[in-house]
Amino acid sequence: MKGLLTSWQVWALGSAVFAALTAIFAKIGITEVNSDFATFIRTLVILLAIALMLTLAGNWQAPGAVPMKSWIFLVLSGLATGASWLCYFRALQIGKASQVAPVDKLSVVLVAVFAVLFLGEQLSTAHWVAVVMIGGGALLLALPI
């Protein structure tokens, strides 16, 4: 069991499952609510849930112990997350979940490209083929066929 909890693959799969449920729950939940307000509600729930998890696990840290570089990039990440959620909920309110979610997952393609450009990561030819396939699949799912 301990091996599973330290496997990035297990956590990534969990992320995918919860992201899928996010799309379904959000699509149902925003039917009679402004998408921006729905994002606000979602954010409050996340804030409370994370605070509870930090408390139960004893993982709170002193803000002063966090390096300035980490603060800057975590704030930028938070702003990007907020913008992503606002766009995602608006798209869900307007479109079909089965089309919005795959387009949202074009972030996988963008992460691969950005990781190469900005982080110096390298992808093998097989990985680039997979990235292109993910992008192509997301675009095909988005088509109004």
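The values are calculated or read from the model by the stated rules, or taken from the named source; none is laboratory data. On a predicted model such as this, the values are computed, not experimentally measured, just so you know. FYI the Cβ positions are ideal-geometry reconstructions off the backbone, even for glycines, and counts take in every protein chain you see. What goes into the accessible areas is simple: the full protein's heavy atoms, side chains included, and nothing from ligands, DNA or RNA. Shrake-Rupley method; radii C 1.70, N 1.55, O 1.52, S 1.80 Å.
Enter the Cα centre distance for the pair the range 1-41 and the range 59-93, rounded to the nearest angstrom.
16 Å
In the range 41-117, which chymotrypsin sites (Phe, Trp or Tyr not before Pro) are in a loop and have at most 11 other Cβ atoms within 10 Å, using DSSP for the loop call?
The qualifying sites are Trp60.
Over all directions, what mean area does the Cα convex hull of the range 65-108 project, stated in square nanometres? Can you show the working numbers first?
Numbers: hull surface 14.8 nm².
Here the figure is 3.7 nm², rounded to one decimal.
Could you state, as a whole-number percent, how many of the C-alpha pairs of the chain are farther apart than 19 Å? Before the final figure, lay out the partial values.
Values: 6961 of 10440 pairs.
That tail contains 67 percent of the Cα-Cα pairs.
Take the chain, connect every pair of alpha-carbon atoms lying under 10 Å apart with a spring to form a Gaussian network, then pick out the residue of Gly95, Gly64, Gly82 with the largest mean-square fluctuation.
Evaluated over the chain, the most mobile residue of the options is Gly64.
Kindly state, as a whole number, the per residue volume in cubic angstrom of the convex hull around the alpha carbon atoms of the range 1-67.
Details: hull volume 9.6 nm³, N = 67.
Spread over its residues, the Cα hull of the range 1-67 gives 144 Å³ apiece.
Using only protein heavy atoms and a 1.4 Å probe, report how much of Leu21 is accessible, in Å² to the nearest 10.
Its heavy atoms expose roughly 70 Å² to the probe.
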